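Each remark here refers to the structure printed beneath this line.
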Amino acid sequence: MFNVNKGINLARQAGYIRKKYPSFRVDMPKSALLVVQGVLRPTARSCNYSFKMTYQVGSRPKVYIVDPPLTENENNERPPHLYGDWALCLYLPGTGQFSDKHWIGDTIIPWISLWLLYYENWLVNGYNWNGGGVHPSVNK
């Protein structure tokens, strides 16, 4: 039986993502690294967004939007909820919202789509972020 206290290993995470999102590419180039690539479309009116996620147990999943690239506003301000390397900030680390005990397919991947929905809204509503949350501090 699966021991929840030990967390979900990468092979199980990979299998679950493959089953839930069969169009995504899921690789484990190293035994301690999970790489997921896919396309998400937050709404029927949204464009398709290609993303890449890397994850190692004990670290936060790093998610990048590959295409189309995220854009700054006319004041050269980056969208909110981004780390310095343009990785998406999907949850507040240290709060228990995500850990190695959570399924990536039920948390991180849906949160990517939600983040993109707020991003699209940010682009069209005067650069107000309606997604709430705590923004990470970033250096430009």
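The values are calculated or read from the model by the stated rules, or taken from the named source; none is laboratory data. The structure presented is a predicted model; accordingly, all values stated were derived computationally and were not measured. Positions of Cβ are generated from backbone atoms using ideal geometry, with glycine treated the same way; all protein chains shown enter the neighbour counts. The area values use the complete protein model at the heavy-atom level, side chains included, leaving out ligands, DNA and RNA. Shrake-Rupley method; radii C 1.70, N 1.55, O 1.52, S 1.80 Å.
Results for (1) within 19 Å of residue 129 (Cβ to Cβ); (2) open to solvent by less than 90 Å² (accessible area, probe 1.4 Å); (3) within 17 Å of the chain's Cα centre (by Cα), shown as yes or no for each residue.
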{"position": "41", "(1), (2), (3)": "no, no, yes"}
{"position": "49", "(1), (2), (3)": "yes, yes, yes"}
{"position": "58", "(1), (2), (3)": "no, yes, yes"}
{"position": "81", "(1), (2), (3)": "yes, yes, yes"}
{"position": "92", "(1), (2), (3)": "yes, yes, yes"}
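Looking only at the range 50-67, decide whether some residue is in a loop (DSSP other than H, G, I, E, B) and closer than 19 Å to residue 124 by Cα.
Checking the range 50-67: not a single residue is in a loop (DSSP other than H, G, I, E, B) and closer than 19 Å to residue 124 by Cα.
Would you say residue 96 is small (Gly, Ala, Ser) and open to solvent by less than 70 Å² (accessible area, probe 1.4 Å)?
yes
On the given criteria, is residue 55 at negative phi and in contact with a strand residue (DSSP E or B) (Cβ under 7 Å, 6 or more places away or on another chain)?
yes
Looking only at the range 81-140, which residues are of a type in the set (D, E, K, R) and either modelled with pLDDT under 90 or outside any helix (DSSP H, G or I) (or both)?
85, 100, 101, 140
Table: residues versus (1) within 14 Å of residue 117 (Cα to Cα); (2) aromatic (Phe, Trp, Tyr).
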| position | (1), (2) |
| --- | --- |
| 21 | no, yes |
| 30 | no, no |
| 47 | yes, no |
| 54 | no, no |
| 73 | no, no |
| 77 | no, no |
| 91 | no, yes |
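Which of the following residues is more than 25 Å from residue 23 (Cα to Cα), free of Cβ contacts under 8 Å to residues at least 40 places away in the same chain and surrounded by 12 or more Cβ atoms within 10 Å (Cβ to Cβ): 73, 130, 125, 121?
121
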